[in-house]
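Engineer: Here it is, the structure, as structure tokens.
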Amino acid sequence: MAGLLSIAEPNASRPTDPIDNQNSLNNDLLARLATDATKSLQASKQYSREDIAALFDLPLMDLLLQAQTVHRQHFAANEVQISTLLSIKTGNCPEDCGYCSQSGHHRDTTKLQAEKRLEVDKVIAAAKRAKATGSSRFCMGAAWKHPSAKDMPYVVELIKEVKALGLETCMTLGMLDTAQATQLADAGLDYYNHNLDTSRRYYEQVVSTRSYDERLDTLTNVRNSGINVCSGNIVGMGESRDDRIDWVHELLKMPKAPESIPVNLLVPIAGTPIGDRVIEEGQLSVLEWIRTIAVTRICCPTSYVRLSAGRESLSDSEQALAFMAGANSFFYGDKLLTTGNASQSSDNRLMRELGLTAQFAAPRPPKQVPVMDAMSGHQSQVVLAE
Ligand code: SAM
Ligand code: DTB
Ligand code: SF4
């Protein structure tokens, strides 16, 4: 157990009270965590819903220390993956997500200026700028329920051209069927982002135009296509701690945890139902977002956990705590999709001050298929041309 927490023996002479009971529960969990962390990379399977709830309940410093310990067992301690985001089709989305500036359902109140598909050369110019400033992944987002047949050649061209620059590619285009997922995989897409956003229970208070199961179906199609899965949440929409626990539990119920997990902090956008409510009632404590990051890190030890929306409003110290909690990826660039992001200059300074370095791109290996030699019966892997 070298390097892990030392667990204090409970003091038998003290009377038991609810706090003592909680502490001994925490100590049991910490002892198990210390053992689990030395086991296989599949540790994510081992946490039950009760375990996840107990992790959220840990004293913050215990939780942070444990999360940072798990982080260091699987990743270079001070290395972060850097992505840049670009909206390739903005606004007028037919979905009614209660937090989103881009929903057509809220356009009279958000007054967001909708835009058509961005021309390929403009996307490529933005990707080149992202590469020049140190990003290893370029993420393209479109405000669609799902891509249409006529959108597919456009997104396939973007994937190929962005990859040719030596960048990893990520897209978030709404729902995908199996054929679309395969088409994107064949084009070489490295990651597909599709967030569950919250628990199954709270989801229906957030969006009414699609179901949680439809979200899970797309994630299954992405996983089966061989594209890496990027799937995260939003913290601070008015959901409860139980909803955050259930969201983590959903990740663990998947056949494999997502390779990338963005933990968004709600950006309350005036004119959206959820944004307006949060602006009026006040935001959730940032420490609860940090707890969510730490629990996600412990439960999904080999996933990249990304600081996504919400960084613009955070102090250096709050962001440092988020990295301490095991986050190892963030969006770089002055804009997210429609809202501002922490500025590049403040991120450069923060990385220097924290001693963080950028990880270089590691594109998804080419697709391989098993083939059998008809004469000898010998099986081998063949690399498909992209
Ligand atoms: N339309 C696609 C979809 O919904 O999958 C892709 C774009 S959508 C904007 C991507 C994600 O951004 C959402 O799932 C949500 O998690 C996040 N997001 C959108 N608006 C946000 C906000 N105001 N604050 C925090 N996260 C937000
Ligand atoms: C994700 O989880 N967060 C990013 C990315 N995936 C596409 C989007 C954040 C959007 C924040 C609000 C906006 O800029 O419109
Ligand atoms: Fe559309 Fe995505 Fe915004 Fe929902 S989150 S309204 S699907 S762009």
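Engineer: Decide, for region 267-330, between rounded, prolate and oblate: order the square roots of the alpha carbon gyration tensor eigenvalues as a ≥ b ≥ c, take rounded if a/c falls under 1.5, and otherwise choose prolate if a/b is larger than b/c, else oblate.
Structural biologist: prolate
Engineer: If I stretch the segment between Glu353 and Thr302 completely, what's the gain in nm (0.36 nm per residue apart, minus their alpha carbon distance), one decimal?
Structural biologist: Length gained between Glu353 and Thr302: 15.8 nm.
Engineer: With each pseudo-label sitting 7 Å past Cα toward Cβ, what's the Ile279-Leu165 distance in nm, one decimal?
Structural biologist: So the two model labels end up 3.3 nm from each other.
Engineer: In addition: Cross-link list Lys131/Lys256; Lys128/Lys150; Lys89/Lys160; Lys145/Lys256: which exceed 23 angstrom alpha carbon to alpha carbon?
Structural biologist: Listed pairs above 23 Å: Lys131/Lys256; Lys128/Lys150; Lys145/Lys256.
Engineer: Can you give the FRET efficiency for Ala270 and Gln46, using 1/(1 + (r/R0)^6), R0 = 56 Å, r = Cβ-Cβ distance, to the nearest 0.05?
Structural biologist: 0.85
Computed from the coordinates by the stated procedures, all read-outs in this text should not be read as laboratory data. Values in this document were obtained by computation on a predicted structure and should not be read as measured data. Virtual Cβ from ideal backbone geometry, glycine too; neighbours counted across all protein chains shown.
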